[in-house]
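Take a look at the structure below.
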Amino acid sequence: MPSCKKVENQPRDLNTLDLVFDSQDLNATLAQQFLNNIYNYLPTGFNRISGDFLDAASGDAISSLANTPISYYNNGLVSSTTNPDGYFSNSYNGIHQINIFLANIDKVPVPTANPTRTITWKAEARFIRAFLYFELLKRYGGVPLIGDKINGLNDNLQLSRNTFAECVTYITTECDAVKGQLNLEPISATNLGRIPRGAAIALKNRLYLYAASPLFNGGGFESDATLKVLTGYPNNDPTRWQNVIASAEELINLGVYSLVQSGNAGYVNIFSQKQNSEVILAKQQINDFTLETVNAPVGYTVNNTQSAGRTSPTQDFVEAFPTISGLPITDPLSGYNAAAPYSNRDPRFNAIIFYNGSAWLNRSGGVQTFDGGLDRPNITSVNQTKTGYYLRKFLADNSTSSSYSAQSHNFVYFRYAEILLNYAEALNEVGRTEDAVQQLILIRKRAGIQAGSGSRYGIATGVNQAGLRTLMQQVDRRIELSFEEHRFWDLRRWKIAPTELNKTLRGIQITKNANGTYTYQTVPVTTITFQEKLYHMPIPYNETVTDANLKQNSGW
């Protein structure tokens, strides 16, 4: 047969920019797919660090597996070539795609029935770009701002880092520019996952929180003056907390978000319902039970798959939970009982931690993390908890179910409780301590903590600024936002990482006695260390060798 003489120069199914941004496509089918793909550059959330939560490097948990990349942050193995949370290239790839979208979307016709479609899509893309810049900023400090430019192979790519202040201004300016063009709340079921107006305000609020915090607000550890300007403000300005207050009040005054109530059940529902009054923006995922399989205790086998119990919360974290009175377990008036350490605790404890006796999958006696129990068999071939606990947060209530079923697991980027906690922190820092207390009370009340004397929910009358600061850092923010990728960064921005991440982490050893009672003994599990250079992540080696103007962070 004669050979084919017609040559394909490119695949026939390749979607070129002319096809994606088709001037004849009123439905903008491919353009919308392009925008949807841009969403994928946002952080993925659950178990994203090679199977572990980022919080497994925060002192609140460790990986149940040995020698996983997440442990690099606590054992000195992070480098410019081995950073488990390197986010540099992902962000700039996303920014590049966003700039392509913004440069071409106006070629697509605007339907008469939806005259603001292009405006809203542009706003979504610009928000994601601002979010990616924030993700870069909190890791590395100031980074090159490229605006709307689409760099090609022949462009000068020897880019210098913008200052921290310039990056803050750029991100906040973008948030303010797009907030009125984004989707208005409430978001319909068909548009669930699209970026709402509140997300732009929430991002601005979080950015202002970081900018006002000790590490970035004149507290840089660098001796190099140039690096100080790149990684934070060189001077301390207490008035920066006012920006946090103003942006929190801006979101609160929208009147469209509120805490999900009903105590422990409400707290669970935040993460197991696709749509509720508290979540501002979450990453949409299909319903499944992957999260249960990865994180539930190892003694449970469902659909011929053994649960992996990947995360081991520490005793240090467990002891942060107050009793239901809101008082710390060290307080003689708290009602804490060392012989029954998991009784009468902050109701969120049951929603966050699998402990010995937790109800799960209708098993008689519940979870068994005592030595030799089904979930701590002490068999070498079985990966099991290293601390006596597993992570329950984000899982639907399967306490009385017979097996796992497909559930909603959308990783939350922003929610109303965070805004209240940011607000409380800023109020306290400007001396409005009692106003800050009232914000914490809203969250403690929702959690199901008892009102107690004076309806203070366990917060002491007359608590001072330093006392409330410690309470928020070690209890309220730590518990409420646990495993949502806050604590790892909070310890750094507060500049308390040298204290919190240089220690021996503890677990619990549980012995089942002949009469059915248990003996509990706190035991050391692992020693972690913190290096000062880890306040800021290393810019990847391959970026600094190809861009001579990209100044590396201190210590790397």
*Across the range 255-308, which residue is nearest to residue 351 (Cα to Cα) among those that are among the small types (Gly, Ala, Ser) and either touching a Pro at 6+ places or on another chain (Cβ under 8 Å) or outside any loop (DSSP other than H, G, I, E, B) (or both)?*
265
*Working carefully through the options 515, 553, find the one that is more than 25 Å from the chain's Cα centre (by Cα) and of a type outside the set (Val, Ile, Thr).*
515
*asked:* Of everything in the range 449-485, what is crowded, with 16+ Cβ neighbours inside 10 Å, without any contact (Cβ under 8 Å) to a residue 60 or more places away in the chain and not in a loop (DSSP other than H, G, I, E, B)? Give them in sequence order.
replied: 468, 469, 471, 472, 473, 476, 477
*In the range 502-511, is there at least one residue being of a type outside the set (Ser, Thr, Tyr), surrounded by 14 or more Cβ atoms within 10 Å (Cβ to Cβ) and part of a loop (DSSP other than H, G, I, E, B)?*
yes
*Scanning the range 99-147 for residues that are of a type in the set (A, V, I, L, M, F, W, C) and in a loop (DSSP other than H, G, I, E, B), which turns out surrounded by the most Cβ atoms within 10 Å (Cβ to Cβ)?*
143
*asked:* So residue 446 ticks every box in (1) assigned to a loop (DSSP other than H, G, I, E, B); (2) of a type outside the set (A, V, I, L, M, F, W, C); (3) touching a Gly at 6+ places or on another chain (Cβ under 7 Å) but one. Which box is left unticked?
replied: (1)
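Where residues in the range 514-556 are part of a helix (DSSP H, G or I) and aliphatic (A, V, I, L, M), which of them is nearest to residue 64 (Cα to Cα)?
This residue is 534.
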*asked:* Show the residue pairs meeting these rules: Cβ distance below 7 Å; 6+ apart or different chains; first residue within the range 75-99 and over 24 Å from residue 556 (Cα atoms) and in contact (Cβ under 8 Å) with a residue 12 or more places away in the chain; second residue part of a loop (DSSP other than H, G, I, E, B) and of a type in the set (Lys, Arg).
replied: 99/149
*Mind counting the residues in the range 415-472 that are of a type in the set (D, E, K, R), under 13 Å from residue 327 (Cα atoms) and over 21 Å from the mean Cα position of the chain (by Cα)?*
1
_Going residue by residue through the range 148-165, is there one that turns out to be free of Cβ contacts under 8 Å to residues at least 12 places away in the same chain and among the small types (Gly, Ala, Ser)?_
yes
*Just checking, which of 383, 350 is at pLDDT below 95, within 22 Å of residue 316 (Cα to Cα) and out of contact with any Phe, Trp or Tyr (no Cβ under 6 Å at 6 or more places or on another chain)?*
383
*Within the range 179-195, is there a residue that is over 23 Å from residue 118 (Cβ atoms), crowded, with 23+ Cβ neighbours inside 10 Å and either among the small types (Gly, Ala, Ser) or in contact (Cβ under 8 Å) with a residue 40 or more places away in the chain (or both)?*
no
_Cβ-Cβ under 6 Å pairs, at least 6 apart or on other chains, the range 347-359 side in a loop (DSSP other than H, G, I, E, B), far side of a type in the set (Val, Ile, Thr)_ = 356/369; 356/510; 358/367
*The one condition in (1) free of Cβ contacts under 8 Å to residues at least 12 places away in the same chain; (2) within 19 Å of residue 346 (Cα to Cα); (3) in contact with a helix residue (DSSP H, G or I) (Cβ under 9 Å, 6 or more places away or on another chain) that residue 435 fails to fulfil*: (2)
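The values are calculated or read from the model by the stated rules, or taken from the named source; none is laboratory data. Predicted model, so just to flag it, every value in this text is computed and none were measured. Neighbour counts run over all protein chains shown; Cβ positions are idealised from the backbone, glycine included.
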